[in-house]
Structures are given as C-alpha cells and as structure tokens.
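Beneath this line is the structure, given in structure tokens, with notes to follow.
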Amino acid sequence: MQLMNTKKYLLVWLFLLVGWQAKAQFDAHFSHYWALQPYFNPAGIGTVKKLNINGTYSSQLTGFTRHAKSMFFSADMPLTFINDHHNAGLGLFSESIGLFTNQRLFGQYAFRTKLWGGQISGGISIGLLSEKFDGSKVDFGEAEGSEKNDPAFPTSEVEGTAFDLGFGLHYMHPLFWIGVSASHLTSPEILLGETNEFQISPTYYLMGGCNIPLKNPLLSIQPSVMMQSDGVGFRSDITGRFTYTHDEKSYYAGIGYSPTISCTFLIGAFFQGINFGYAYELFTSEIGAANGNHSLFIGYQMDLDFFKKGKNKHKSIRIL
C-alpha cells in the first residue's frame, strides 16, 4: 500500500510537469474567443475606436476536485492623441489547475493602417509569465519519511518567472476578419524550486469570422473559426451565432463544435456599450456532460472624449 501511494503521487507530479510541456493547450481556451482577440493576437487590439474593456471567467471540468479556473482581463484603445494608426493594450491572465497557478501580465502595441477597403495591423505583446506550485498541500498519504523528503516533491510554495513574447497580424474588413499570431515565441523556460523545470513551446493561431446578413435586416449569422497548434497537438473550433439586432441592441444564440473534444452552447447580448455572454462547453468524450466548462464574458466600450467637448462619434467595423 505504501509503495502504491508513493507511485501514485510520483506519477501525478510527473504527469503535471511533463504533460504541461507536451500538450498544445498550455494556453487557456475561451469559448468567446472571437471577442477576446487580445489574449490570442496582439494585433487584434484597437479594432474599435473606443476604450475597449473585456473580462472573462471560466470554470473548467467542474465535476472534478480542484478543477481548473481561468480569468482574463484586457483593456485596449487607439492612441488618437498621436494619430489613428497606433493602438495600445494591457492584459492580465490568471489560471489555477490543482496545485499550480499560471499567471501572465503583458502590454501590447499594434500599428494599424488601411488596406483594400479594410484595415490591417501588426502587433507585439511583451510581458512576464509566472508559474507557481504549492507543495505544502501535497498529500503523500502513507509514504515513508525518506520518500516525503524526496527533493522531487516540493513541500513548500515554489515559483518561477520568464520573459514572454507574442506577435500577430490582423485584417478587418466590413464583411469579415482574419488573424494569425504566435504566443510564447521565446519558448519560456521556468524553474520551479531547484530541480524542476519545464519549457513552454510556442503556440500558433489562425482565427477568422464574417457577417452574413439575412433577408430580414434585423437578423444575421456570424460564423467564426479558430485553429491552434504547438507543432505537436492541434485543436480547432467552429462557432456559429444567430444574431438579432435592433435599435443599437443585439442578442445572439449560438453553438460551437471542436472535433473529438466538445460542443459549446452560447447566449449573449449587447446594449448601451455593454457586451455580455455565457457559454457551456459539453465534452463529447467520456468526461461526461455534467463535468463541462462554464464561461462568463463581459465587455464595455466607452467613447474616447479626451480633447473635445461633447461626444465623439466613431464608426466601427468590428463584427460583434
């Protein structure tokens, strides 16, 4: 029994460290990916000529103990006091998975210009990636004293940080948008304690979407897609939203599908500059329908009015 317990915790520790290196999903997955482009692509900031604030919270694999919880907050705006080409943003990400905590803090810059009836931009993200492991909460069960003191098992809180870099391109047209990007281009290597370290591979993204108007001018369909890979693993998401828009308000319901992984059901609304959405990701594997992911999204857009009296009126080509 003692040997079995020791092997159990050794395998868990190795799985967490080695598995994190190998999987393509080191970055969190958000069901509202089309509205959270700053997380995936630094060139996706400044697409609205307003102060754009977004936040999301995701509770994943909710039926399991110490399941993953992710939070992301971002704010971006065009630097209109310079000219319409420059955009800046900030982002904060935090995620807990078991005894691990993953955090990112970054700043973003994008240069945007007109092209072919739309706008194209290139962006860069610079920040810090932090990893933490709380070894004080490791349960060694009936392991012997010598095994409990094994340096491979930290018995206190250990953490490490590394420089992180991302880059992307983004094109926005009144009828569609597309973006390509890469995160963790520096392949950050993080040391936890004195003996455990792991390296994060770059992750590459391709995203796009469009707006398809229907015969009824109040109705439209907005499909979008995201594909991501670290060169080892691959995930794709296809989402379709049916949207009703009237009097500067819009409401949507949609469904998403990730082959061999999950189906996602979405609802949301936009009114008075506030964007709100909820999603439930139901896994198609043996994980079970009741152990899916809950996601909440909220955004706010505020007119930029720093130097002029009254309201500034801006035209936006962002597809909400």
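If you take the residues in the range 82-101 that are in a strand (DSSP E or B) and modelled with pLDDT under 90, which one is nearest to Gly55 (Cα to Cα)? Walk me through it before giving the result.
Start the filter on the range 82-101 by keeping residues that are in a strand (DSSP E or B), which leaves 86-97, 100-101.
Filter again for modelled with pLDDT under 90, leaving 96-97, 100-101.
Working: Ser96: 17, Ile97: 19, Phe100: 22, Thr101: 19 Å.
Selected residue: Ser96.
Being of a type in the set (Val, Ile, Thr) and over 21 Å from the mean Cα position of the chain (by Cα) is the filter here; which residues of the range 185-235 pass it? I'd like the intermediate steps shown before the answer.
Pass one, the range 185-235, residues of a type in the set (Val, Ile, Thr): 186, 190, 195, 200, 203, 212, 221, 225, 232.
The answer is Thr195, Ile212, Ile221.
Could you say which residue among Phe93, Phe111, Phe81 is among the hydrophobic types (A, V, I, L, M, F, W, C), surrounded by 17 or more Cβ atoms within 10 Å (Cβ to Cβ) and closer than 23 Å to Gln301 by Cα? Steps first, answer last, please.
On the way: Phe111 fails: surrounded by 17 or more Cβ atoms within 10 Å (Cβ to Cβ); Phe81 fails: surrounded by 17 or more Cβ atoms within 10 Å (Cβ to Cβ).
Exactly one of Phe93, Phe111, Phe81 is among the hydrophobic types (A, V, I, L, M, F, W, C), surrounded by 17 or more Cβ atoms within 10 Å (Cβ to Cβ) and closer than 23 Å to Gln301 by Cα, namely Phe93.
Can you tell me how many residues in the range 183-201 are out of contact with any helix residue (DSSP H, G or I) (no Cβ under 8 Å at 6 or more places or on another chain) and surrounded by fewer than 17 Cβ atoms within 10 Å (Cβ to Cβ)?
The number of residues fulfilling the criteria is 8.
Kindly check whether there is at least one residue in the range 55-64 that is at pLDDT 95 or above and crowded, with 22+ Cβ neighbours inside 10 Å.
yes
Has the range 156-168 got at least one residue that is at pLDDT 70 or above, within 28 Å of Ile221 (Cα to Cα) and in a strand (DSSP E or B)?
yes
Condition check ((1) modelled with pLDDT of 85 or more; (2) under 22 Å from Ser94 (Cβ atoms)) across all residues:
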position	(1), (2)
Lys7	no, no
Leu11	no, no
Val18	no, no
Ala24	no, yes
Asp27	yes, yes
Tyr33	yes, yes
Asn41	yes, yes
Gly44	yes, yes
Lys50	yes, no
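Being aromatic (Phe, Trp, Tyr) and under 13 Å from His32 (Cα atoms) narrows it down to one residue among Tyr244, Tyr257, Tyr251; which is it?
Values: Tyr244 fails: under 13 Å from His32 (Cα atoms); Tyr251 fails: under 13 Å from His32 (Cα atoms).
Selected residue: Tyr257, the only one of Tyr244, Tyr257, Tyr251 that is aromatic (Phe, Trp, Tyr) and under 13 Å from His32 (Cα atoms).
Where residues in the range 278-317 are surrounded by fewer than 16 Cβ atoms within 10 Å (Cβ to Cβ) and charged (D, E, K, R), which of them is modelled with the highest pLDDT?
Asp303
Taking the range 211-235, which residues are at pLDDT below 95 and among the hydroxyl-bearing types (Ser, Thr, Tyr)?
Ser229 - this is the single residue of the range 211-235 that is at pLDDT below 95 and among the hydroxyl-bearing types (Ser, Thr, Tyr).
Search the range 107-131 for residues that are more than 15 Å from Gly44 (Cα to Cα) and pair each with any residue that is crowded, with 19+ Cβ neighbours inside 10 Å and among the basic types (Lys, Arg) when their beta-carbon atoms are under 9 Å apart and the residues are at least 6 apart or on different chains.
Cβ pairs passing all conditions: Gly127/Arg104; Leu128/Arg104; Leu129/Arg104; Ser130/Arg104.
Which of the following residues is out of contact with any strand residue (DSSP E or B) (no Cβ under 6 Å at 6 or more places or on another chain) and either free of Cβ contacts under 8 Å to residues at least 12 places away in the same chain or not charged (D, E, K, R) (or both): Ser285, Ser295?
On the way: Ser295 fails: out of contact with any strand residue (DSSP E or B) (no Cβ under 6 Å at 6 or more places or on another chain).
Of the residues listed, the single one that is out of contact with any strand residue (DSSP E or B) (no Cβ under 6 Å at 6 or more places or on another chain) and either free of Cβ contacts under 8 Å to residues at least 12 places away in the same chain or not charged (D, E, K, R) (or both) is Ser285.
The values are calculated or read from the model by the stated rules, or taken from the named source; none is laboratory data. Predicted model only: the values in this text are computed from it and were never measured. Don't worry about glycine lacking a Cβ; one is built from the backbone with ideal geometry, like all the others, and counts go over all protein chains shown.
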